[in-house]
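The values are calculated or read from the model by the stated rules, or taken from the named source; none is laboratory data. Since the model is a prediction, treat every value here as computed from it, not as a measurement. Cβ: placed from backbone, ideal geometry, glycine included. Neighbour counts: every protein chain shown. Note: areas computed on protein heavy atoms with side chains; ligands, DNA, RNA excluded. Shrake-Rupley method; radii C 1.70, N 1.55, O 1.52, S 1.80 Å.
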Amino acid sequence: MFDPFIAPSGTLLGLLQRGRGDGTLHALAAPRPEALAALNHCVLSDPRHDWQVENRSLYYARLYLDLDGGVEEIERHLSDPEDHLDTDDSRTGLALAVLGHLASYGRGDALALLRRYAATGANWAWALDELALRDDDAGLRSLAEPVLARFPATAEGSAALAATVRDAFEPRPWRLWADDPREAVGARIRAATEQGSFDRWQRQMSPRGPRPGWSVQAVLDWAQEGLERGSALHVPAARCLAAVAGAEDRPAIVEAARDGAEGARCAALHYLAQVQDPDLLDLVEQAVVGPSPLVADAAVAAFERMAGDAAVDRARRWAHRPDALGASAAGVLACRGTARDAQLVLGALREAVRGDGPDAPRLWTLVDGTGRLGIGCAAPVLRHVYRETSSSHLRGRAARALAATDPSFPTGFAVECLWDCEETTRELAALHAETGDIRVAERLRRLAADPAEEAEVQTAVRSRIGPDASAL
């Protein structure tokens with residue numbers, strides 16, 4: 001999947017793509033056709049960089065309800081011939097998840113569309129999972145025959161059905177169908193279930209990979225052979241070394257970390273980080289200036305796993321470096337440094353935003369660190385990250401850091417965060433938003449009554465409006 005185009009943060013489309021609370025507020029104030037067009041664009045062209053971890057579906061479903069939007073555009077998207085050409089989950093997953101939430105709010109049109117797609121669509125398994133959570137038994141039973149028709153009555157079809165039943169995310173439909181008295185349905189599902197259980201047992205009884213009985217040299221050779229075949233095995237190899245290495249093997253592992261072949265060297269570096277070997281810090285410094293980018297990356301990753309005062313002291317020396325090790329050292333200080341490291345962390349935060357923009361991967365740790373260290377003068381940079389990042393998770397981290405550093409947060413961004421797409425951000429807002437704002441009181445009551453809201457958010461809300469809290 002290509003990285004999606006994200007509109008500027010000051011536009012309605014850009015706000016909705018980011019899942020910001022202001023997106024909902026601006027959409028409700030905009031002309032309805034314009035708001036629905038932007039909403040449909042987001043749902044049909046998933047704006048998330050990592051669709052597997054970022055939340056948008058409940059956020060968009062709630063906006064469909066507020067705008068009284070129909071599902072016609074979603075239906076056109078799902079019924080397009082492209083559906084059977086581009087079968088990647090990212091094409092239809094968000095639309096199906098939105099339909100699932102709409103169905104849970106009682107939207108019969110969304111439920112009917114999910115049923116039709118589960119019977120005919122390419123991403124039918126996702127639709128079936130949504131229905132498993134929302135549909136009644138009769139609706140699910142009506143899908144047994146069209147779903148089973150996807151698996152021909154051949155050896156290959158039976159094997160595919162067994163794998164599908166075994167790996168189903170939501171087992172409810174399959175359990176219902178297993179009780180079906182029809183031979184072509186119930187008996188077939190029961191046979192697939194038994195086969196799937198047998199396959200799982202076989203995998204458990206036949207584990208793959210290196211055995212702890214290997215010698216240290218055999219593990220290092222395995223890591224190198226894997227690299228030569230195009231597979232980076234140094235992380236699992238490090239775990240194997242932890243199982244087979246004794247104190248007498250340390251000199252050989254240190255030597256491999258210093259001068260070994262690339263695969264063995266990476267495995268040795270990771271192992272020394274696991275056991276917190278004091279020589280690792282010098283080996284890391286040597287590795288990052290060497291000719292191998294792979295070894296340099298492994299050395300930086302190994303350093304980040306080091307604990308203790310020695311690693312923090314070395315991070316203070318390395319934080320000024322202009323390379324990946326310097327960036328990593330700043331991250332270590334953000335996670336484990338003290339108040340004396342505030343300026344180094346702040347400098348790294350500013351440099352990351354200037355050099356790599358508001359979506360830089362290293363910002364996650366640095367943003368957390370500014371909040372942990374309470375760096376008040378970082379608030380302007382954090383506000384910029386909050387507004388501009390396309391990652392809803394990073395925005396949530398920026399909001400948490402602002403709550404610890406920015407006195408204006410309760411009356412500013414915290415209010416917007418009550419409508420955010422991420423439940424952790426809504427939870428934070430429920431704890432901090434200034435209730436003198438009439439919008440806050442109304443939103444807290446709505447979140448408390450919404451059956452689709454996460455339990456943690458509702459707990460935070462009730463701490464503000466419960467009998468022991470001040471009245472809203």
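Within 11 Å, Cβ to Cβ, of A455, how many net charges do the neighbouring residues add up to if Lys/Arg are +1 and Asp/Glu are -1? Please list the in-between numbers first.
On the way: positive: R462; negative: E423, E427, E453, E454, E456.
Result for the local shell: -4.
Determine the relative contact order of the chain: mean sequence separation of Cα pairs under 8 Å and six or more apart, normalised by residue count, in whole percent.
Numbers: 626 pairs, mean separation 50.4, N = 472.
Once normalised by length, the contact order is 11 percent.
About the Cα centre of the range 1-49, what is the dipole size in debye to 20, counting +1 per Lys and Arg Cβ and -1 per Asp and Glu Cβ, all else neutral? Show your work: numbers first, answer last.
Details: 4 positive and 4 negative charges, 18 e Å.
Computed charge dipole of the range 1-49: roughly 80 debye.
With +1 on each Lys and Arg Cβ and -1 on each Asp and Glu Cβ, how big is the dipole of the range 229-269 about its Cα centre, in debye rounded to the nearest 20? Could you put the intermediate results ahead of the total?
On the way: 5 positive and 5 negative charges, 35 e Å.
In total the dipole reaches around 160 debye.
So what J values fall out for the range 164-174 if you push phi through Karplus, 6.51 cos²θ - 1.76 cosθ + 1.60 with θ = phi - 60°, rounded to Hz, Gly and Pro as x?
Coupling constants for the range 164-174: 5, 5, 4, 9, 4, 5, 10, x, 4, x, 5 Hz.
May I ask for the distance between the Cα centers of the range 73-93 and the range 20-36, given as a whole number of Å?
The range 73-93 and the range 20-36 have Cα centres spaced 25 Å from each other.
Express the accessible area of the chain per residue in Å², computed with a 1.4 Å probe while the remaining protein chains stay in the model.
Working: 21910 Å² over 472 residues.
Each residue of the chain exposes 46 Å² on average to a 1.4 Å probe.
Could you work out the mean projected area of the convex hull around the alpha carbons of the range 353-472, in square nanometres to one decimal? Spell out each step's value before the answer.
Values: hull surface 29.8 nm².
Mean shadow area of the hull around the Cα atoms is 7.4 nm².
Mind putting a number on the dipole of the chain about its Cα centre? Charges go on the C-beta only, +1 for Lys and Arg and -1 for Asp and Glu, and I need it in Debye to the nearest 20.
Details: 52 positive and 69 negative charges, 158 e Å.
The dipole magnitude comes to about 760 debye.
Using a 7 Å offset from the Cα along the Cα-to-Cβ direction at both L28 and S90, what is the distance between the two label points in nm, to one decimal?
3.2
Along the charge dipole of the chain, which of A122, H384, W51 sits closest to the positive end, that is, farthest toward it, with unit charges on the beta carbon of Lys, Arg, Asp and Glu (+1, +1, -1, -1)?
H384
Of W177, W124, W214, which has the most accessible area and how do the rest follow, probe 1.4 Å? Walk me through the numbers before you get to the answer.
On the way: W177 0, W124 30, W214 85 Å².
Result, largest first: W214, W124, W177.
Of A155, A61, S79, whose Cα points farthest to the positive end of the dipole of the chain (charges on the beta-carbon: +1 Lys, Arg; -1 Asp, Glu; origin at the Cα centre)?
A61
In the neighborhood of L36, defined by Cβ-to-Cβ distances under 13 Å, what is the net charge if each Lys or Arg adds +1 and each Asp or Glu adds -1?
On the way: positive: R32; negative: E34, D66, D68, E72, E73.
Result for the neighbourhood of L36: -4.
Could you check how much of the accessible area of the chain is carbon and sulfur, as a whole percent, using a 1.4 Å probe?
Numbers: 11570 of 21910 Å².
Of all accessible area on the chain, carbon and sulfur atoms account for 53 percent.
Please report the spacing between the Cα centers of the range 164-183 and the range 340-363 in Å, no decimals.
What the calculation gives is 50 Å, centre to centre.
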